[in-house]
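First up is the structure itself, then whatever we jot down about it.
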Amino acid sequence: MTRRVRMRLRRWTLATAALIAGCALIPATASAAVTLSNWDAAQQRQVVQAGLMRNLGRSFQGASAITAAQANAAFAALAARLQNVTGAFSANAVQTARDPVTVVSFDRMLVAQLGLSATASQVQATAAGAGLRPPSYFGSEVVARFLRLRYNHPSGTDQLELFPTDPITRAEAAWSLAQVVSFGDWNVSSAEQSLSGFQLPAMSSAQRQVLQIAVSRIGYPYVWGGTTDDTSDGLAHGGFDCSGFAWRVYKVSGLPWGQRIRGRTAAQQAGEIPKRARLRMSQLQPGDLLFFGSAGYTGAATEASIIHEGIYLGENWVIHSSNQGVYVLPLQGSWLGNSFAWGRRVIG
C-alpha cells in the first residue's frame, strides 16, 4: 500500500468513525414531513443538474421505481462524466424492461461503472470458496457499501428502507449517483486496495453454519431495535441494529450456541462473560462476537462504553449492521479497529 493511499484511507477511516451508528446511542427521530418521494431532495436536484437523471413532468417523482431505460441513461451519462472509470458502460448489464431494477442490480452496475467488478468477483469467490454460500450479489454489495453508496434512513422513517432485492426507487438511485459524483480520486482506489485483500480462513462446520446465515443477510437495512427479517418484532421494517444482527444470527435462527447469549444489547452481550474469557484481537476466530467502544480491553461493559457489535469472519474481516446496513469492513484498517474492545467466543 502506497503512502498516498494510506493517507487517503486514514482520512476515510476518520470520517467514517464520526458517522458510526452506535447501538447504544439514542436515535434521532426524523421529521414527519419526510416521505418516500422527497427524503433526498438535495441529491435529486444534484443529479438533475449533473445531467444524470431528469424530472418526470413537474417533479422528480422519487417514490417511483427507476426503469431500465432510465437506469441505462443515468449510467451512460455517468460514464461520460467520470474520468476514473475503467470499465466500459454496457446497456445490456441492466435488466430488460420486463424486469425491475433492484437495489442489488443497480449497485452492481455502479460497481462496474467504477471499474471494480473484478474486486467484487474476487470477494464473491472468496466467500463461496470458504463454504459460506453467499447470495449472488454478495461481492458487489460488499464493494458498494464499502464505498458508502447506500443511505440509512433514521429512526422514525425505517419504513422507507429497501431490502436488497426490492426494486430501487428513483430517490434511492439519485442518492447513490450523487455519492459517486462527489467522489475524490481516492475513493475507488482505497476500496480496491483494501478489498483486494479479502481472504477467509478454513472454517469448522459450526463456524460455516453461523456465517452462512450472516452473509446471507448482506445488504439488509439497519433498523433501530431490529432483530428479524420481517416486521414480526413489531417494527416498521425488517432489518437489524448491530446487536440485533448478532441476535438474528445466533438466537432467532435457533442455533444451539445462541442459548449462551442472554442480553439483547451490545453492552449486555459483552458484559455477561467474565473478564478472563475476553478475547484480544490476536485470539479471534470466525463466528466470534466483537465489541466496540471506549471501554478498552479491561474496562467495564456499560451502555456508554460498548456501543457497537459485529461478527468476525476471519482474516481481519468483520460483518456487522451499521450505517450501510449489513456490510463488511476490515477490523484493522477501519474505524472498527480504532474502537475495538474485546471479542467473545460463542461457538464451542
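So what is the 222 nm mean residue ellipticity for the chain from helices alone, if each DSSP H run of at least 4 adds -39500 (n - 2.57) and you divide by all residues, rounding to the nearest 500 deg cm²/dmol?
Taken over the chain, the calculation gives -10500 deg cm²/dmol.
Modelled label-to-label distance, Ser136 and Thr302, 7 Å Cα→beta-carbon offset: nm?
For the pair Ser136/Thr302, the computed spacing is 5.1 nm.
Calculate the spin-label point distance for Lys275 paired with Gln61, positioning each point 7 Å from the Cα along the beta-carbon direction, and give it in nanometres.
Computed distance between label sites Gln61 and Lys275 equals 6.3 nm.
Suppose R0 equals 51 Å; then what is the FRET efficiency for Arg81 and Ser253 from their Cβ-Cβ distance, rounded to the nearest 0.05?
Between Arg81 and Ser253 the formula returns 0.70.
Please report, to two decimal places, log10 I(q)/I(0) for the chain at q = 0.06, 0.12, 0.15, 0.16 Å⁻¹ as given by the Debye formula with identical point scatterers on the Cα atoms and no solvent.
-0.21, -0.85, -1.31, -1.47
So if each residue of separation counts as 0.36 nm, and I subtract the Cα-Cα distance between Gln268 and Ala41, what length gain in nm does that give?
Fully extending the segment from Gln268 to Ala41 adds 77.8 nm.
Mind giving me the nanometre distance, one decimal, between the label points for Ala125 and Asp229, set 7 Å out from Cα along Cα→Cβ?
Computed distance between label sites Ala125 and Asp229 equals 2.9 nm.
Rank by packing, highest mean first: peptides 54-63, 193-202, with packing defined as the count of other Cβ atoms within 10 Å averaged across residues.
193-202, 54-63
Only the coordinates and a few stated rules stand behind these numbers; no lab work does. Keep in mind the model is a prediction, meaning the values are calculated, not measured. Cβ coordinates were reconstructed from backbone atoms using ideal geometry, including for glycine residues, and neighbour counts include every protein chain displayed.
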